[in-house]
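The values are calculated or read from the model by the stated rules, or taken from the named source; none is laboratory data. Note that the coordinates shown come from a computational prediction; the quantities given were computed from them, not determined experimentally. With ideal geometry, Cβ positions are generated from the backbone for all residues, glycine too; neighbour counts draw on all protein chains shown.
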Amino acid sequence: MDEILRIEGLSKTFTLSRKQQRLERTHARHKVAVDDLTLTANRGEIFGLLGPNGAGKTTTLRMLATLIKPDKGDAWVDGCSIVSQPEEVRGKIAFLTSELKLEDFFTPNYLYDFFSELHGVAPAVAAQRKQGLFARFGIDKFAEVKVANLSTGMKQKLSIVISLVHNPDIIIFDEPTNGLDVITARTVTDYLQELRGEGKTIILSTHIFSLVERLCDRVGIIIDGHLTSCGSLEEVCDGLTIEDRFFELYKAQKGDEE
Amino acid sequence: MKNHSNTWTIIRKEFARFFGDRQLVFTTVIMPGLLIYLIYSLMGVGMRNMETQGKQDLVIVTVENMPQSMEALLAPADSSMTLLRQPIAQEDIAALEDKDINAVLIRFPEAFDSLVATYSPQSGEKAPNIEIYYNSANNAASRVYYAIDASLTAFENSQSNLFDVNRADSEGQRFDQASDDQVVGDILSKLLPMLIIMMLFSGTMAIAPSAIAGEKERGTFATLLVTPMKRSELAMGKIVSLSSIALLSGISSFVGIALSLPNMIAATDDISIPFNYTTNDYIALLLVILASVLVMASAVSLLSALAKDVKNAGTMITPFMLVVMLAGLLPMFQDGTAQSMAVYLIPFYNAIEVMADVFAHSMRWTPVIITLVSDIAYTGIAVWGLTRMFNSEKIMFSR
């Protein structure tokens, strides 16, 4: 298998503010979000990070996207280190999360050209690619409509399209169907499969078991910042459903702590 | 391959955002100048109306016990005043409470001239007293009152004239050696630096918090941060674009003042402001304004980046703006140019000092150069600081 992502000993600890301490009902000043995470992903596969809320999935993806720095460890995206080569890494990935928004004031056309320019895509290439992506997601009819006037589903589709302006080899997607209506969610998951068909690697985080079963080639189960299991669906499930296997691991992890 | 830096892409995007929003352009660039022009012009028109209205209205001056010596002094200078010689009743005085009555009542003591002639200040007795009744809320009556009061004071001075001060015995003799340029320059150097700094600051305030804190708040900043662009390019792009827009806003206000100034001045008689500034003065002024706008946009950008949202940014920037405005007031309390060159290293204050020097016709290139170099250095430090902040997850992603 052609490895495109390698994560080695990635760790991240956050200092909690008093407000966060109150919210999390803890007196601890620090919270270990990700602890010594090691895994790999291969070219042309969909890798799912499965875990409950607060397990460390989003923190892991944000470290991969170089938005936050790891305290320990490193990860290499197509050979580039997230610690020492963050700009190169950002040029190789698409990062999608509901946290990232597009400016309401601009039109899809403008935003596509703007982000293409930031990614250094040649204008002719960008124009050709824009035409294809806009048609694929039905954005072409709204190309000159301000983002503020687009529907939520159309905004989400536009976010996907904008993240792909540079035709990246790795797409990192945090909770891809969160907040989407069923039709848009299906469009998104179908497109992720299409991308896999094109040889792209998709790293997604989710807490939805059915999504993992339907999409993922390999899965890593993350609980309280620890990777408790990682491998192909068959290897991880070991004859159980993914849901049953998850709860087995969850109880074992929580039991260990207690 | 890209043929330009991402800084230029960010600048173009900020311009597109700004100039694409007609409302924002109107409120930030057009409205300040337009409002200043309208307000100052209307004030000028109002003052002129008050002046001409007062002159046109007929005022009846009633004099009781008119002395011989006052006949010429109180003779009506023009048709706007009518003189009556008759006793003043208490009801006449009470009637003046109606501010629409254009009247002044003057009561001299009986035999005023002989009382004045025999009065000695050394006697310890009270001096003869002239009573003048009027209503100060009536512009026409006020104008006549002040004219009469001035004439009577001059008359009194002439009665005990022991010596004169600065009496011009020959035509054109001048005692104040200040030139018109110096007099006007002194006034402008005290007023304009603060006004210019305030205008530039309000222009920066109108856009910077939204461009940085607003983007953080709306989640659009993180979208920029996941592109391969260098954080320093983003910082530079933001500061340059915000400075340019703030400068436009400042220019608008400046044009508003420049155009409305003649309307304001026309309200007062016989005042002309000579604008005898050299090309070097204008170049120095432009350079210093540009440099101070860069520092201003840098400082406001740093505070906006620290803020969680636009509201928080406003709270953080307001005290800073007050400090800068106070610095703008300092030229009002000082004479001449700054003694120490170190003054020109203090951000904002250096620009205020140089502007004061320029308006006072005492511009020197050394302070201008020190100001430019130090301001560019401060902007460089700010770009570095902003880059560090854009790299800081605590600042960019804290809630």
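Of the residues making up the range B:1-46, those that are within 32 Å of the chain's Cα centre (by Cα) and small (Gly, Ala, Ser) are B:33, B:41, B:44, B:46.
Exactly one residue out of B:92, B:113, B:149 is over 30 Å from residue B:56 (Cα atoms) and surrounded by 12 or more Cβ atoms within 10 Å (Cβ to Cβ), and it is B:113.
Only one entry of A:229, A:210, A:205 meets the criterion of being free of Cβ contacts under 8 Å to residues at least 40 places away in the same chain and not in a helix (DSSP H, G or I), and that entry is A:229. Kindly indicate whether residue B:184 is farther than 30 Å from residue B:95 by Cβ, touching a residue at least 60 places away in the same chain (Cβ under 8 Å) and touching a Pro at 6+ places or on another chain (Cβ under 7 Å). Against the criterion (farther than 30 Å from residue B:95 by Cβ, touching a residue at least 60 places away in the same chain (Cβ under 8 Å) and touching a Pro at 6+ places or on another chain (Cβ under 7 Å)), residue B:184 qualifies. From the set of residues in the range A:195-236 that are in contact with a helix residue (DSSP H, G or I) (Cβ under 9 Å, 6 or more places away or on another chain) and small (Gly, Ala, Ser), which is surrounded by the fewest Cβ atoms within 10 Å (Cβ to Cβ)? In this case the residue turns out to be A:210.
From the list A:192, A:240, the lone residue that is in contact with a helix residue (DSSP H, G or I) (Cβ under 8 Å, 6 or more places away or on another chain), at pLDDT 90 or above, outside any strand (DSSP E or B) and hydrophobic (A, V, I, L, M, F, W, C) is A:192.
Each row is one residue, and each column tells you yes or no for (1) acidic (Asp, Glu); (2) crowded, with 23+ Cβ neighbours inside 10 Å; (3) within 16 Å of residue A:6 (Cα to Cα); (4) within 10 Å of chain B (Cβ to nearest Cβ).
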| position | (1), (2), (3), (4) |
| --- | --- |
| A:73 | no, no, yes, no |
| A:79 | no, no, yes, no |
| A:88 | yes, no, yes, yes |
| A:126 | no, no, no, no |
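Looking across the range A:191-236, the residues that are under 20 Å from residue A:34 (Cβ atoms) and over 15 Å from the mean Cα position of the chain (by Cα) come down to A:223, A:224, A:225, A:226, A:227, A:228, A:229, A:230, A:231, A:236.
Annotation: of all residues in the range A:90-115 being surrounded by fewer than 21 Cβ atoms within 10 Å (Cβ to Cβ) and more than 8 Å from chain B (Cβ to nearest Cβ), the one that is nearest to residue A:148 (Cα to Cα) is A:107. Remark: residue B:167 falls outside the filter, which requires a residue to be assigned by TED's automatic domain parsing to the domain that holds residue B:32, of a type in the set (Lys, Arg) and free of Cβ contacts under 8 Å to residues at least 60 places away in the same chain. You will find that of A:120, A:73, A:132, the residue that is over 19 Å from the mean Cα position of the chain (by Cα) and assigned to a helix (DSSP H, G or I) is A:132 and no other.
To keep it simple, each residue is scored yes or no on (1) farther than 30 Å from residue B:180 by Cα; (2) among the aromatic types (Phe, Trp, Tyr); (3) under 23 Å from the mean Cα position of the chain (by Cα).
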site	(1), (2), (3)
B:341	no, no, no
B:354	no, no, yes
B:362	no, no, yes
B:392	yes, no, no
B:396	yes, no, no
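Of all residues in the range A:14-37, those satisfying the criterion of being assigned to a strand (DSSP E or B) and surrounded by 14 or more Cβ atoms within 10 Å (Cβ to Cβ) are A:14, A:31, A:32, A:33, A:34, A:35, A:36, A:37.
Could you grab me the full set of residues in the range B:1-31 that are exposed (fewer than 13 other Cβ atoms within 10 Å of the Cβ), outside any helix (DSSP H, G or I) and either modelled with pLDDT of 90 or more or within 8 Å of another protein chain (Cβ to nearest Cβ) (or both)? Selection gives B:1 alone.
Within the option set B:212, B:239, being within 14 Å of another protein chain (Cβ to nearest Cβ), buried (at least 23 other Cβ atoms within 10 Å of the Cβ) and at pLDDT 80 or above holds for one residue only, B:212.
If you go through the range B:168-189 one residue at a time, do you hit one that is within 14 Å of chain A (Cβ to nearest Cβ), surrounded by fewer than 20 Cβ atoms within 10 Å (Cβ to Cβ) and in a loop (DSSP other than H, G, I, E, B)? No - not one qualifying residue is present in the range B:168-189. Of note, residue B:329 does not satisfy the criterion of being surrounded by 16 or more Cβ atoms within 10 Å (Cβ to Cβ) and under 28 Å from residue B:276 (Cα atoms).
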